[in-house]
Amino acid sequence: MIFAANFKSNHTRKTTKEYMQKLNAYKTEHTVWVFPPATALDEFKGSVRVGVQNAFATHNGAYTGELGLEQLDEFNIKTILIGHSERRLIIGETLGWLQEKFNFYQEQNFNIVFCIGEPLEIREEGVEALKRYLDEQLEGIDLSYKNLTIAYEPIWAIGTGKTASIEEIELTHNYLKTKFNSPLLYGGSVKVDNIKDIAKIKSVDGVLVGSASLDVDNFIQMIEKLK
Ligand code: PGA
């Protein structure tokens, strides 16, 4: 299983360092990734892979407030999240913009975690609307890319404490699995209490965790559940 922690705008450089020390000291056969805020990026000793939550499709240049490849290279970062719903909705990243990022970081051979997921009104419209919506979010994305991981995160389940039901996750993941062979993560209020049931679903290869990853002991406790 892949356990990916998305800190969003939480943690500082200091607390991320403490977090990483503790997490790297914890031994597990599972794969663990952490996406700290940009100011906390660093090379940490250990097997936990560190990725960036966002970066611009550029080596460097005049893009105020953005990071390029040059800044990621300094810390040997080779993993990126693209398309998180908070960036699509709050920042306003469009599909065209995401495709550009995807193509650029694919060319750099990055491990890309590409996030997709529907709002509640689409889910309520039914399965066909859901499939159409997810198909559109994957348009122009090279699904045969070897270093690709997809994260399915229904927007209504993110940070709300409301997890999709096992049947909902299963149905969506099974559909997505007909489109690519990449690992498929589920995200949206994954926590210690539900990790076991979610991990039992055959088409779930891992989880992308926000809130429940912020406390390192809680995150480790979640990984422990799958011993
Ligand atoms: P959550 O966030 O675990 O707090 O729901 C998940 C995510 O946004 O990746």
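Under the condition of being touching a Leu at 6+ places or on another chain (Cβ under 6 Å) and open to solvent by 40 Å² or more (accessible area, probe 1.4 Å), the residues counted in segment 142-153 number 0.
Residues in segment 1-54 that are under 24 Å from K196 (Cα atoms) and small (G, A, S) were compared, and the one that is surrounded by the fewest Cβ atoms within 10 Å (Cβ to Cβ) is A25. If I ask for residues that are within 15 Å of the ligand (Cβ to nearest atom) and among the hydroxyl-bearing types (S, T, Y), which ones from segment 39-96 would you list? Scanning segment 39-96 gives T79, S85. Here the helices (runs of 4 or more DSSP H) wholly within segment 68-153 that include at least 2 residues being closer than 26 Å to I166 by Cβ are 120-125, 127-137.
Every condition in (1) within 16 Å of the ligand (Cβ to nearest atom); (2) in contact (Cβ under 8 Å) with a residue 40 or more places away in the chain; (3) open to solvent by 10 Å² or more (accessible area, probe 1.4 Å) is met by F104 except one, and the failing one is (1).
Looking across segment 169-190 at every residue that is surrounded by 15 or more Cβ atoms within 10 Å (Cβ to Cβ) and part of a helix (DSSP H, G or I), the one that is nearest to the ligand (Cβ to nearest atom) is identified as I169. Considering only segment 151-158, I want to know if a residue exists there that is of a type in the set (D, E) and within 9 Å of the ligand (Cβ to nearest atom). Checking segment 151-158: at least one residue is of a type in the set (D, E) and within 9 Å of the ligand (Cβ to nearest atom). In segment 123-147, the residues that are closer than 18 Å to K177 by Cβ and without any contact (Cβ under 8 Å) to a residue 24 or more places away in the chain form Cβ pairs under 8 Å with partners that are part of a helix (DSSP H, G or I) and open to solvent by less than 40 Å² (accessible area, probe 1.4 Å), at six or more places apart or across chains, as follows: Y133/I122. Among the residues of segment 117-128, some residue qualifies, meaning at least one is crowded, with 21+ Cβ neighbours inside 10 Å, more than 26 Å from K78 (Cβ to Cβ), modelled with pLDDT of 95 or more and within 16 Å of the ligand (Cβ to nearest atom). Count of segment 154-168 residues, restricted to those that are open to solvent by 40 Å² or more (accessible area, probe 1.4 Å), in a helix (DSSP H, G or I) and not aliphatic (A, V, I, L, M), is 2.
Restricting attention to segment 196-214, the residues that are within 15 Å of the ligand (Cβ to nearest atom) and in contact with a strand residue (DSSP E or B) (Cβ under 7 Å, 6 or more places away or on another chain) total 8.
The values are calculated or read from the model by the stated rules, or taken from the named source; none is laboratory data. None of the values given here were measured: they were computed from a predicted structure. Note that each Cβ is placed from the backbone with ideal geometry, even for glycine, and that neighbours are counted across all protein chains shown. All accessible areas refer to the heavy atoms of the entire protein, side chains included, with ligands and DNA or RNA removed. Shrake-Rupley method; radii C 1.70, N 1.55, O 1.52, S 1.80 Å.
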